[in-house]
Amino acid sequence: MLPLNYAILKLFVSGNELSVQGVIDKLDKDYRSFRAFKPKAINESLMSAEKNGLLEESNWELDDKGELHVYYKATSYGVEMISSYIK
Amino acid sequence: MGNSIELKQARIARRSRFFKKGVIIAVGSGMLYGVYVAALYGATGNGFWLDWYGYGDTVTAGWYDNVVDPTMGGIAMSFVIAVLILGALGSGINDFISAIWMIGKTAVKGKFMDYLRCFASKPGAVMVLCALIGGPIASTAFLIALIMAGPIATPISALCPAIGAIIGRIVFKQQLNFRMAIGIVICVVATFMIGSTAFTGFEITDPMFLAGLAVALISALGWGIEGAIAGFGTSVIDYEISISIRQLTAGFFTLFILTPALFLMAGAVGLYPTMLFEALQGQIMVDGLLASPLVWFLISGLAAGLSFGFWYKGNSMCGAALGMACNGGFSFWCPFFSFLVCGLYLGWEGFDLYPIQWVAAIVMVVGIFLIAVNPLELFKKNREV
């Protein structure tokens, strides 16, 4: 089993474009029991990955409640780094 | 249209929250570093350390004026080895206790299994390498530089934010423009101003002094490499896990490999277990003041773990240039907290704060501001409003 942060990044290598909710949906089955598996922590993890050039924003929208959802995809540099560091 | 303005504002607000949090964490890392150093002074200024450092009955001076007793445990050794042994022993105990704190924190937060998984992975191996470069290697280089060149080693080693920013730019393609470079230079100048109070007469042509400066640069390079690489690594590994790996590696290597090796070089390897045990001994309170090295080490270890963890996280959230500049405030926070803890609380001499250090702190804030924000854009915004 991969560490949670690795699993989050690995999701993007295959070309997925995901928001925080998308990440939760994809990993819920395996990581639901993790105490760090929370929207706030996942959001920070995605933003840090963006800051370090691994991911980039691909889309954004406001839902009916006025909450912002930002979608991310991996950069070509990110695909290269994630693939080489996380097996 | 209304929706698109709302959307834009929501995105700006989200980025702004993330940015502010990153800056607060990075500045906090520098403050906690000051607490760690002050508590480390507390640990190594009590118990058996008093005799080893040759303080006698009272501590009358700060680190730079220490006179190390080169006949520790009755075994004569060279002054340099004696200084290195005490430095390695102190930082090794601190880092090892810090590792216990940080591993405990990952366990409490339910990340212990992830900690073990990360340790055995490629990014984990990179963290171990970073810990060795920034821990024992850079720290020992810093101690040697202090011996050879004196207190000027401190501001030289504080060139690490500049080195970290350059590495971040070249290796990780992070942003580094002319404005940010100017900001970094201002921060480095501020660090020199803070350190200048400890400058004593030195001979610029003395080969020992020049070699000391070169060794101080090694420590700056070590910390610069660590800050840039570990900051990036923290975008892959959770920061609490990163720092637990860092402290365990640095603590284990320094305390159980480097320190006994130094004792061996001094021909006093038998003294190692005795001094390791004695380093933690001491009365809890003396004259109503905390005097137990163990308790001081518990405080310094906790502060060090939190400080380095925030350093990694801040660098990952802000980029190496801004993160390390904010963290670089430690050159002010170290004398500040040492003044509070050692000067005011413990009543030791040699921990005064000078006006130039306050001025330098303000200069540093200007430098950090310049790295973080383009003043022209602020000006533009005001005009738009």
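The values are calculated or read from the model by the stated rules, or taken from the named source; none is laboratory data. From a predicted model like this one, the values you see are computed outputs, not experimental measurements. Quick reminder, even Gly has a Cβ in these numbers, built from the backbone with ideal geometry, and neighbours come from all protein chains shown. Each accessible area value is taken on the protein alone, full model and side chains, heavy atoms only, with ligands, DNA and RNA left out. Shrake-Rupley method; radii C 1.70, N 1.55, O 1.52, S 1.80 Å.
Being assigned to a helix (DSSP H, G or I) and either closer than 30 Å to B:VAL171 by Cβ or within 10 Å of chain B (Cβ to nearest Cβ) (or both) is the filter here, so list the residues in the range A:37-51 that pass it. Correct list: A:LYS40, A:ALA41, A:ILE42, A:ASN43, A:GLU44, A:SER45, A:LEU46, A:MET47, A:SER48, A:ALA49, A:GLU50, A:LYS51. Annotation: B:PHE339 fulfils all but one of (1) among the hydrophobic types (A, V, I, L, M, F, W, C); (2) assigned to a helix (DSSP H, G or I); (3) in contact with a helix residue (DSSP H, G or I) (Cβ under 6 Å, 6 or more places away or on another chain); the unmet one is (3). Those residues that are in a loop (DSSP other than H, G, I, E, B) and exposed (fewer than 15 other Cβ atoms within 10 Å of the Cβ), I need them from the range B:158-174; list them, please. Within the range B:158-174, B:LYS173 is the sole residue that qualifies.
Which residue out of B:LEU298, B:LEU294, B:LEU280, B:LEU258 is part of a loop (DSSP other than H, G, I, E, B) and more than 14 Å from chain A (Cβ to nearest Cβ)? Working first, answer last.
On the way: B:LEU298 fails: part of a loop (DSSP other than H, G, I, E, B); B:LEU294 fails: part of a loop (DSSP other than H, G, I, E, B); B:LEU258 fails: part of a loop (DSSP other than H, G, I, E, B).
Exactly one of B:LEU298, B:LEU294, B:LEU280, B:LEU258 is part of a loop (DSSP other than H, G, I, E, B) and more than 14 Å from chain A (Cβ to nearest Cβ), namely B:LEU280.
Total residues in the range A:1-20 satisfying the condition of being within 9 Å of chain B (Cβ to nearest Cβ) and open to solvent by 60 Å² or more (accessible area, probe 1.4 Å): the figure is 1. Quick one: which residue in A:LEU46, A:LEU27 is touching a residue at least 24 places away in the same chain (Cβ under 8 Å) and buried (at least 19 other Cβ atoms within 10 Å of the Cβ)? Answer to the check: A:LEU46. Condition test on B:ILE103, is it away from chain A (no Cβ under 14 Å) and under 16 Å from the mean Cα position of the chain (by Cα)? It is false that B:ILE103 is away from chain A (no Cβ under 14 Å) and under 16 Å from the mean Cα position of the chain (by Cα). Do we have any residue at all in the range B:118-134 that's touching a Pro at 6+ places or on another chain (Cβ under 8 Å) and part of a helix (DSSP H, G or I)? Taking every residue of the range B:118-134 in turn, at least one turns out to be touching a Pro at 6+ places or on another chain (Cβ under 8 Å) and part of a helix (DSSP H, G or I).
Within this structure, A:TYR85 passes the test of being hydroxyl-bearing (Ser, Thr, Tyr), out of contact with any Cys (no Cβ under 9 Å at 6 or more places or on another chain) and without any contact (Cβ under 8 Å) to a residue 12 or more places away in the chain.
The single condition among (1) open to solvent by less than 20 Å² (accessible area, probe 1.4 Å); (2) hydroxyl-bearing (Ser, Thr, Tyr); (3) modelled with pLDDT of 90 or more that B:TYR345 does not satisfy is (1).
Tell me yes or no: at least one residue of the range B:232-240 is in a helix (DSSP H, G or I), open to solvent by 20 Å² or more (accessible area, probe 1.4 Å) and either free of Cβ contacts under 8 Å to residues at least 40 places away in the same chain or away from every other protein chain (no Cβ under 14 Å) (or both). Step through it out loud before you land on a result.
If we filter the range B:232-240 for residues that are in a helix (DSSP H, G or I), which is where we start, we get B:232-233, B:239-240.
Of the ones still in play, those that are also open to solvent by 20 Å² or more (accessible area, probe 1.4 Å) are B:239.
So of that shortlist, the ones also either free of Cβ contacts under 8 Å to residues at least 40 places away in the same chain or away from every other protein chain (no Cβ under 14 Å) (or both) come out as none.
So far as the range B:232-240 goes, no, none of its residues is in a helix (DSSP H, G or I), open to solvent by 20 Å² or more (accessible area, probe 1.4 Å) and either free of Cβ contacts under 8 Å to residues at least 40 places away in the same chain or away from every other protein chain (no Cβ under 14 Å) (or both).
You will find that of B:ILE25, B:ILE5, the residue that is within 13 Å of chain A (Cβ to nearest Cβ), farther than 30 Å from B:LEU289 by Cβ and either of a type in the set (Phe, Trp, Tyr) or open to solvent by 30 Å² or more (accessible area, probe 1.4 Å) (or both) is B:ILE5 and no other. Restricting the range A:52-74 to residues that are assigned to a loop (DSSP other than H, G, I, E, B) and at the interface with chain B (Cβ under 10 Å from one of its Cβ atoms), the residue that is nearest to A:SER14 (Cα to Cα) is A:LEU54.
What's the total number of residues in the range A:21-36 that are in a helix (DSSP H, G or I) and more than 11 Å from chain B (Cβ to nearest Cβ)?
The number of residues fulfilling the criteria is 10.
Restricting B:PHE112, B:PHE96, B:PHE48, B:PHE19 to those that are within 14 Å of chain A (Cβ to nearest Cβ), open to solvent by 50 Å² or more (accessible area, probe 1.4 Å) and either at pLDDT below 90 or more than 22 Å from B:GLY231 (Cβ to Cβ) (or both) reduces the list to B:PHE112.
So how many residues does the range A:49-87 have that are of a type in the set (Ser, Thr, Tyr) and either in contact with a Pro (Cβ under 8 Å, 6 or more places away or on another chain) or open to solvent by less than 30 Å² (accessible area, probe 1.4 Å) (or both)? Even if it seems obvious, please write down each step before you answer.
Keep residues of the range A:49-87 that are of a type in the set (Ser, Thr, Tyr), which gives A:58, A:71-72, A:75-77, A:83-85.
Those left that are additionally either in contact with a Pro (Cβ under 8 Å, 6 or more places away or on another chain) or open to solvent by less than 30 Å² (accessible area, probe 1.4 Å) (or both): A:72, A:75, A:85.
The total comes to 3.
Within the set B:LEU289, B:LEU294, B:LEU264, the sole residue that is surrounded by fewer than 19 Cβ atoms within 10 Å (Cβ to Cβ), over 21 Å from the mean Cα position of the chain (by Cα) and closer than 26 Å to B:LEU32 by Cα turns out to be B:LEU289. How about the range B:122-132: which of its residues are open to solvent by less than 70 Å² (accessible area, probe 1.4 Å) and more than 7 Å from chain A (Cβ to nearest Cβ)? Listed by number, the residues that qualify are B:GLY124, B:ALA125, B:VAL126, B:MET127, B:VAL128, B:CYS130, B:ALA131, B:LEU132.
Regarding the range B:208-218, can at least one residue be identified that is within 14 Å of chain A (Cβ to nearest Cβ) and either modelled with pLDDT under 85 or within 16 Å of the chain's Cα centre (by Cα) (or both)? The answer is no, given that none of the residues of the range B:208-218 is within 14 Å of chain A (Cβ to nearest Cβ) and either modelled with pLDDT under 85 or within 16 Å of the chain's Cα centre (by Cα) (or both).
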